[in-house]
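One structure is given below, encoded as structure tokens.
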Amino acid sequence: MDKLIITGGVPLQGEIRISGAKNAALPILAATLLADGPVKVGNIPHLQDITTTMELLGRMGVELVVDERMNIEVDCSTIRELFAPYDLVKSMRASILVLGPMLARFGEAVVSLPGGCAIGSRPVNLHIEGLVKMGADVHVEGGYIHAKARRLKATRLVMDLVTVTGTENLMMAATLAEGTTVIENAAREPEVVDLANCLNAMGAKVSGAGSDSISIEGVDALFGTRYDVLPDRIETGTYLAAAAITGGHVRIKDTQPRMLEAVIEKLREAGASVEVGDRWIELDMNGSRPRATNIRTSPYPAFPTDMQAQFTSLNVVSDGTGTISETVFENRFMHVHELQRMGADIQLEGNTAVIRGVNRLTAAPVMATDLRASASLVLAGLVAEGDTVVDRIYHIDRGYESIEEKLAKLGARIRRVPA
Ligand code: EPU
């Protein structure tokens, strides 16, 4: 397994561009199953989760053509199997996103249940309940969800809690349903809006995405189109946090600052001066140590759970005491134990981490446990004294395109060591 070795102590300086958003590209690739013609998706990030999605679609018999700029053209007319196997779903939970489109378009789907996960139990009951309310016949057997429906029927779905992929799955299913479906208490994440825009480009009639009430007027068929995925706000936030933790000065381009208001506000509270343009963000710490902040994660537009681990690292070296409350997932503090091995002073009290900032961290061998936890260890390595070795970085490769190249471009001393 590859490792990253980071020699801490360099304030990041310079400019990088942000890749397309993983969490928008995944549902959009699933949505191509709904179209009668080929869909060409651009600005796709080069990531392991994208490769897994392509493998999933490929095994179903879907034809995929990738060009050198990572535009992917998907043609579902050759589909043979309406099946998502356990070996792929267990390695990428977002595979569940093929359930709604397959059922809506082909009347049938067999998709493995994802099972547990490093950040929480993450059930998919709301995806299933929504489809059942739309008239699907669903049963779980042998670890698989078996779903059937002649044509889904529109209904009013009031979600028990805000779920991102749940909203996306049901929104996709509803595009071909009979009548107008309304999803109440819908997720408002920008990736949900991006998916809705893509669906509309395919001929769907989705309105209200970005609010908590999404309305989907079912149509008879969707068509091929061309669509570019929006920039990755979590990748953006991670590099901003990396600059802040090192006392650096960076400019991030090809991003959308509007999607990061809660994160930028916390960076300013931590002492960063942040300027934004239409598609760029510039952060300058003026060489100073960050100030501790209090964070509480919640669905968009509040502070994202996918930035929690990175801000935990920021607080670890900050001046003062900060608290981080995780309200979205029940077990998303695996990075805490690794950070403690580098000298962090963190106390876990239920879903809250109380962090007393320390003056210095010391490098240690640490282990990545999930995608964002891994990012937090890289951030800590950027300021630790000595060489931090981050093991199991396949987690990072799932969601950060060329992380070591981008950080090296900002001056970080980081290298990948093959297994
Ligand atoms: N939940 C249920 N039942 C359901 C669905 C969700 O109880 O049927 C619970 C979950 O267990 C969790 C909460 O609802 O406690 C919210 O989970 P959500 O469904 O919103 O998460 P997700 O859709 O599985 C997406 C992202 C995650 C991100 C979360 C929250 C994708 C592919 N994944 O997951 O991204 O953390 O939303 O914003 O969009 C990541 O990129 O590192 C990542 C984990």
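Numerical summary
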{"read-out": "Area of M367 that stays accessible when all protein chains are in place (1.4 Å probe, Å², to 10)", "value": "70 Å²"}
{"read-out": "The range 64-221 - share of DSSP beta bridges that are antiparallel (%, nearest 5)", "value": "75 percent"}
{"read-out": "Segment A419-D87, extension gain: residue separation times 0.36 nm, minus the distance between their alpha carbons", "value": "117.2 nm"}
{"read-out": "Residues with amide H under 5 Å from that of R291, placed H, sequence gap 5 or more", "value": "G271, D319"}
{"read-out": "The chain: angle of helix 190-201 to the longest principal axis, Cα-based, in degrees nearest 10", "value": "30 degrees"}
{"read-out": "Label-point separation, R226 to R360 (7 Å along Cα→Cβ), nm", "value": "5.6 nm"}
{"read-out": "Efficiency of FRET from Cβ geometry, C117 and D2, R₀ 25 Å, rounded to 0.05", "value": "0.65"}
{"read-out": "5 angstrom amide H check on T180, placed H, neighbours 5+ away", "value": "G218"}
{"read-out": "Selection from I18, L57, N43, by position along the positive dipole direction of the range 11-95 (Cβ)", "value": "I18"}
{"read-out": "Solvent accessible area, Å² - E129, 1.4 Å probe, full protein context", "value": "80 Å²"}
{"read-out": "Mean separation of Cα contacts under 8 Å (6+ apart) over length of the range 136-246, as relative contact order %", "value": "22 percent"}
{"read-out": "Backbone N within the range 89-119 under 20 Å of label point (7 Å from I79 Cα along the Cβ vector)", "value": "89-90, 92-114"}
{"read-out": "Label point at D137 placed 7 Å out along Cα→Cβ; residues across the range 92-125 whose backbone nitrogen lies under 20 Å", "value": "99-112"}
{"read-out": "Heavy-atom accessible surface of the chain: percent carbon and sulfur, 1.4 Å", "value": "47 percent"}
{"read-out": "Amide H contacts under 5 Å for T327, placed H, 5+ residues apart", "value": "T297"}
{"read-out": "Size of charge dipole - the chain - debye, nearest 20, with Cβ of Lys, Arg +1 and Asp, Glu -1, no other charges", "value": "360 debye"}
{"read-out": "Sparse-neighbourhood loop sites, trypsin sites (Lys or Arg not before Pro) in the range 131-211 - DSSP loop, at most 12 other Cβ within 10 angstrom", "value": "R150"}
{"read-out": "Estimated FRET transfer efficiency when R0 is 25 angstrom, pair A302-K205 (beta carbons, to 0.05)", "value": "0.30"}
{"read-out": "Average accessible area per residue (Å²) across the range 60-179 - probe 1.4 Å, nucleic acids and ligands excluded", "value": "44 Å²"}
{"read-out": "Given charges at beta-carbon only (K, R positive; D, E negative), |dipole| of the range 73-123 in Debye", "value": "260 debye"}
{"read-out": "Proximal aspartates and glutamates to K90, defined as alpha-carbon separation beneath 17 angstrom and excluding residues fewer than eight positions away on the same chain", "value": "D49, E55, E141, D370, D397"}
{"read-out": "Proximal charge balance of T52 [Cβ under 13 Å; K/R count +1, D/E count -1]", "value": "+1"}
{"read-out": "Partners for K253 among lysines (Cα-Cα distance below 16 Å; same-chain residues under 8 apart left out)", "value": "K406, K409"}
{"read-out": "Distance from the range 66-102 to the range 379-419 (C-alpha centre basis), Å", "value": "29 Å"}
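The values are calculated or read from the model by the stated rules, or taken from the named source; none is laboratory data. Model, not experiment: these values are computed from the prediction. Positions of Cβ are backbone-derived with ideal geometry, glycine not excepted, and every protein chain shown enters the neighbour counts. Just so you know, the surface numbers come from the protein's heavy atoms only, side chains and all, with ligands and any DNA or RNA stripped out. Shrake-Rupley method; radii C 1.70, N 1.55, O 1.52, S 1.80 Å.
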